[in-house]
Amino acid sequence: MKRWTALNAFLLLSLLGGLILAACGGPSTPPPTPLPTATATPRSTPLPPVPTAVPLASEDNPLTILMRPEGTRRASAGSAQALGELIQELTGLVVEIELVDSYGEISARLCGAEPVAGWLDGLTYGVAAIQGCADPALQVRRANATGYRVDLLISAELAGDEVTAEDIGALAGQTLCRLSSEDVATWLVPGLMLQAAGVDPLYGLEGVLDVADSDAIISAIYNDECQAGAVPNRYFPNRAGSELRALDDLRDRVAVVQSSPELPYGILVYSQTVPLNVRIPLTDVFFQIAASSEHKQTLAAILQQDSLARVDESDFADLRAFLQSSGLDLTLLGE
């Protein structure tokens, strides 16, 4: 009995082993190893050459400096060429002095893609600065002043007991005196004051009256020919003509209602794409030329400066606030 059981157990194990081998596919002969095939050796492909940026203010990439001459372009042309050569001689920077007819043209170029420098008047600088197109560096000084202010005069009949800037709003439907439609001090600046007070200088007035000079503006307001006009700061009443100063009731009939911030004579500015390694030596050399008895006339023939002063954007905060208070589309002012 035991031998049968052992035999059967042996047969059963053999059967199970066969089933397992069958389930696994049974024993097989390993396939022959394939012969290796040759692989091409990879070779690097040269990249196309990357152009090297030509340094700004070099022979192949001169920096353009835009200037509107105080005199005529013809009279300033020789000085412009001499100034460019002098800057290169003193700094090694290659520049091209380009004379233009308007500050608006300079502002438009500053706000473009080309790296440029330029000299702007105060109002155009303010517009370009608000647009983020002009970083200031130097300011023109004439005698002891770096700019001028404007006083807006108003008929005292339109003002209250105490004259304040709020009285400008009473000029709606009234007449403004000015020197001309192209005069900054007597038209553009008071126009900004009117606009800030809610009076459209183009459509909100009864009209405008062109007169000869500051005394004529004061006289016209006194005689009620117009109700407002702008004159140089502190011109009224003590610097007016003797006939006006002799009027006993002049101050009773004409009053200063608002004064503008200082409007700079001229400001050297850079577009934001001009690097510091060009700005710093160029700013320094302009300052050096203006201070040199030998060379200052070369620059003065264009700018009419007595000297230059170093500045930054914080020096013109009041000017920018004045422009922004008008609520106008400031891009139009730079045109």
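Just so you know, all these numbers are worked out from the coordinates, no wet-lab data involved. Keep in mind that this is a model prediction, so the values were computed, not measured. A quick note on method: Cβ atoms are made from the backbone with ideal geometry, for glycine too, and the neighbour counts reach across all protein chains shown.
Roughly speaking, what % of Cα-Cα pairs in the range 141-225 are separated by over 18 Å, rounded to a whole number?
Working: 1569 of 3570 pairs.
So the portion of pairs separated by more than 18 Å is 44 percent.
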By count of other Cβ within 10 Å, fewest leading, how are Tyr222, Tyr203 ordered? Tyr203, Tyr222
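Compute, for the range 133-216, the length of the dipole vector about the Cα centre, with Cβ point charges of +1 (Lys, Arg) and -1 (Asp, Glu) only. Units Debye, rounded to 20.
Numbers: 4 positive and 14 negative charges, 97 e Å.
I would put it at about 460 debye.
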Ranked highest first by the average count of other Cβ atoms within 10 Å around their residues, in what order do 311-319, 211-219, 139-147 fall? 211-219, 139-147, 311-319
1/(1 + (r/R0)^6) with r = Cβ-Cβ of Ala113 and Arg74, R0 = 22 Å, i.e. FRET efficiency to nearest 0.05, evaluates to 0.10
Find which of Val199, Thr164, Ser259 sits farthest along the positive direction of the dipole of the range 150-260, computed with +1 on the beta-carbon of Lys and Arg, -1 on that of Asp and Glu, about the Cα centre. Ser259
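Can you tell me, using C-alpha contacts under 8 Å and at least 6 residues apart, the relative contact order of the range 150-260 as a whole percent?
Values: 200 pairs, mean separation 48.2, N = 111.
Relative contact order, the range 150-260: 43 percent.
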Residues meeting the amide H criterion for Ala57 (H placed from the backbone, H to H distance under 5 Å, 5 or more places apart or on another chain) are Leu63
